[in-house]
Amino acid sequence: MDKPSHLSVVVDLSPSQWHLCGQSSNSHPLPLSAFLSQLLAFLNAHIACNDENTLSVYGALPGKSILLYSSATAVPEEFTGPADPNTYRPFEVLDSTMMNSISDRVEALTDLEQEPPIGLVGALTKSLCYINRMSNASSTSTAAGGVQGPVVLPDPRILVVSVSPDESSSYIPIMNSIFSAQKLKVTIDVCKLYGPESVFLQQAAHLTGGSYIYLERPDALLQYLTMAFLPPPAVRQLLSVPTQDKVDFRAACFCHKNIVDIGFVCSVCLSIFCQPVPVCSTCRTKFPIKTLQRLNASKPAAPAPRTPAPTPPATSLPRSQSIGTPRSSMGNGLVAPSPSRNGTSLPPR
Amino acid sequence: MAAANPDEHGDVNSEASPHALLTFLQSQSQNTLSRLYQKPSSCLSIFRLLGPLDRQLVMNLLWLDSAIPASTMNAWVTREGRKPYEASLGILSRLHILPSSPVKLALNPTFKTSLRQAITGGGTSGSFGVPAGNDDKHTTPSVEKLDAYALERWETILHYMVSSGSGRYPAKPSQGVLLLLQRSGLMTSPHGAALQITSSGFQFLLYSPHTQLWELLLQYLHMAEERQMDLVEVLSFLFMLSTMELGREYSTEHLSGTQTAMLEDLRDYGIIWQRKASSRRFNPTRLATTLTSSAPPLPTTSGSGGTTQSQGFIVLETNYRIYAYTDNPLQIAILNLFITLKSRFPNLVVGAITRESVKKALANGITADQIISYLTTHAHPQMRRNKPLLPVTVQDQIRLWELEKNRVKSQEGYLYTAFASQADYEYVLDYAKKLDVVLWESAARRCFFGSLEGHANIRGFIERRTAGNV
């Protein structure tokens, strides 16, 4: 038989967004309860595919993230009673654990005036940690006399089900998660149910080889999930899975957390700013005043007559480098972002 | 015979042979299968036995209410996926999961309803086993106890098989098991004498437990038809067992007559455990619950040595010596099939692969590949660091010894001799050579040997020629 695969699901449980999503004024409303029953059917289908398939589900709640279900933890005490003869046991345990933990958390939510930002990054990071722990656990047991060579958790995947708009303050942590996922060879799939297109999650799916799907018909969620997100990577080579035609590669600036079309990148640490700054806030590099003047003059908002060609927009981030870590100072100066960073950097003041 | 090497996890792209049971199911009538598909647990188990692509196709169609045009599904298939996709459609239609229609794709309605019910839960079928209520008198047996029971039963069967040739008879399995072994051709009793292991029996010993189990169960299914048992009842009970939970007690009250009769057989194979034959509750063992998964059905091997043996215990050196860290009589007996044992210690057996020992194994019908795959599967963790795992010299030598056996090849045919003249001989030989049927020729003796297929033509040719001369 074939190899088992691991799936981590990150569920966005923002109360306000789900309220909006379920409103009947939408063309295809999807209330939370209908969403959960379709999601559970999908999770059951994943377990049904192979007895050794593993699963973990993280919930992103306002201001926090929690583990809703993990197939690695032991069956809790309350399920040792008589089982339902009409339901496959693992499904029963999965469904009731999920529903119990969700209802516990939703009841515990306080009625605040303003909802704290959704804990999507926390949930994403936790599922990456989970995958890392599972892969490492199996390889350490090998070192202690196991059977096979280095056992890596086969085909780990993360599926993000999102309804909230992008939180621009979470740009840096999301990018860092993407880089860790690349390193762990984890595929991130994104299913966007409601709200505006998510720039960051589009990039996450694109950079890890996953697929990003914005549901036009959220009420047909289960069919989307089954066809696009159920097949493990090996099957996806045979049955194609929709991918994005165009990816929004815009980045968020470090100073105001705005998503920018054109940014200014520190030539030392690659921090991104929405306007030229005299001192880099990350690595404290000072930039020459002349460069600042020149860059200010070339800003697209006020096009200077002498600029020969507008600078190309910040299209992509360097993929192999993490953002926000200062590198050793080899040369400094503030440069306008362009595919090649040569020529525009100037000596420091 | 089942696939020889089920331990090798097939890549999706490779044409992995389908599970042995699927082949059996494909030979069943549509009526039988439709009745089988009424149980959600059966559908779930069959679904799990399918290949990865087959499963995805079933899932894609599962939640659709109406049939979709085949061209729509075709559009999803990549260029590399074309061939596996066609193969999957073939398997699914032979199982009657996908009624064969070239234009529209839709699941068999019975199968669809049952699989949906399996995944969403609910219904009143009770097909996942009715758990027994709490028993105040006895405590539920622990998982360890069930494992030990399953292992003991299973090893009794294998040990009986392996030692039948040697004249020593250890604990005898029950009459039902013996009949099954005999009917499956794994053992035979020449002239009514005691049972002797056959060459397919020797091959059987080297399979993985999962394959061994399914092979016996398949034979059981074949016998069930002869014993006037309802095949659907037998199959759904096996599938029900495979979806049960290890360490839980189930009640026999809701079983049909056929299924109650099966309890005794399954108890003998170690698939279920019962306190006593008349008990109204039973526990599935790990052999049962892993029927449709790739997890090892036997967790640890018995013997005082304990836990590491299931992970591999054989060290093979380039000088053909074998060190087997085991005290399990079954494993020693199986090794004894193809190595010469030199010395034995409390937890270690030392032997060597020799020409004689391998020849003996080959004479028993074991192939060189089976010996090599057995050694690979049971190699000691220390051996895993070697690349390749087994010394190449030893592997090659075992294969060469096998080739030695096949030095003489026999072929049926006719000898043409007593030609009147050299010209005649050459004329006929020329004709036979054109047909490519000459196996041997000798111009000095004016004779040649042609294969069986060519005889009619050559004969006709000679007759025509003789008639023409006259």
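Just a few scattered comments:
- Considering A:VAL268, A:VAL241, A:VAL260, the condition of being touching a Pro at 6+ places or on another chain (Cβ under 9 Å), of a type outside the set (Ser, Thr, Tyr) and within 14 Å of another protein chain (Cβ to nearest Cβ) is satisfied by A:VAL241 alone.
- Within the option set A:GLY263, A:GLY195, A:GLY210, being under 30 Å from B:GLN56 (Cα atoms) and open to solvent by less than 10 Å² (accessible area, probe 1.4 Å) holds for one residue only, A:GLY210.
- For first residues located in segment B:411-425 and under 13 Å from B:ARG445 (Cα atoms) and of a type in the set (Gly, Ala, Ser), partners that are open to solvent by 70 Å² or more (accessible area, probe 1.4 Å) and modelled with pLDDT of 85 or more and lie 6+ apart or on another chain with Cβ distances below 8 Å form the pairs B:ALA418/B:ARG446.
- When the residues of segment A:55-94 are filtered to those that are exposed (fewer than 15 other Cβ atoms within 10 Å of the Cβ) and modelled with pLDDT of 75 or more, the one that is farthest from B:LEU44 (Cα to Cα) is A:GLY63.
- From A:THR187, A:THR97, residue being within 18 Å of A:SER8 (Cα to Cα), of a type in the set (S, T, N, Q) and at pLDDT below 90: A:THR97
- Test: residue in segment B:37-54 that is modelled with pLDDT under 90 and among the β-branched types (Val, Ile, Thr): no
- For segment A:230-250, the candidate set comprises residues that are touching a residue at least 24 places away in the same chain (Cβ under 8 Å) and within 25 Å of A:GLN38 (Cα to Cα); within that set, the residue that is surrounded by the most Cβ atoms within 10 Å (Cβ to Cβ) is A:PRO232.
- Meeting the requirement of 2 or more residues that are closer than 30 Å to B:MET187 by Cα and open to solvent by 20 Å² or more (accessible area, probe 1.4 Å), no strands (runs of 3 or more DSSP E) wholly within segment B:353-470 can be named.
- Screening A:LEU109 with (1) at pLDDT below 85; (2) in contact with an Asp or Glu (Cβ under 8 Å, 6 or more places away or on another chain) gives one miss only, at (2).
- Of all residues making up segment A:19-37, the number that are surrounded by fewer than 20 Cβ atoms within 10 Å (Cβ to Cβ) and either touching a strand residue (DSSP E or B) at 6+ places or on another chain (Cβ under 8 Å) or in a helix (DSSP H, G or I) (or both): 7
- Within segment B:250-306, tally of residues that are at pLDDT 85 or above, of a type in the set (Asp, Glu) and either open to solvent by 40 Å² or more (accessible area, probe 1.4 Å) or in a loop (DSSP other than H, G, I, E, B) (or both): 1
- Close pairs from segment B:174-191: first in contact (Cβ under 8 Å) with a residue 24 or more places away in the chain, partner open to solvent by less than 60 Å² (accessible area, probe 1.4 Å) and among the charged types (D, E, K, R), Cβ under 7 Å, at least 6 apart: B:SER174/B:ASP268; B:GLY176/B:ASP265; B:GLY176/B:ASP268; B:VAL177/B:ASP268
The values are calculated or read from the model by the stated rules, or taken from the named source; none is laboratory data. Nothing here was measured: the structure is a model prediction, and the numbers come from that model. Cβ: placed from backbone, ideal geometry, glycine included. Neighbour counts: every protein chain shown. Keep in mind that these areas ignore ligands, DNA and RNA; they rest on the heavy atoms of the full protein, side chains included. Shrake-Rupley method; radii C 1.70, N 1.55, O 1.52, S 1.80 Å.
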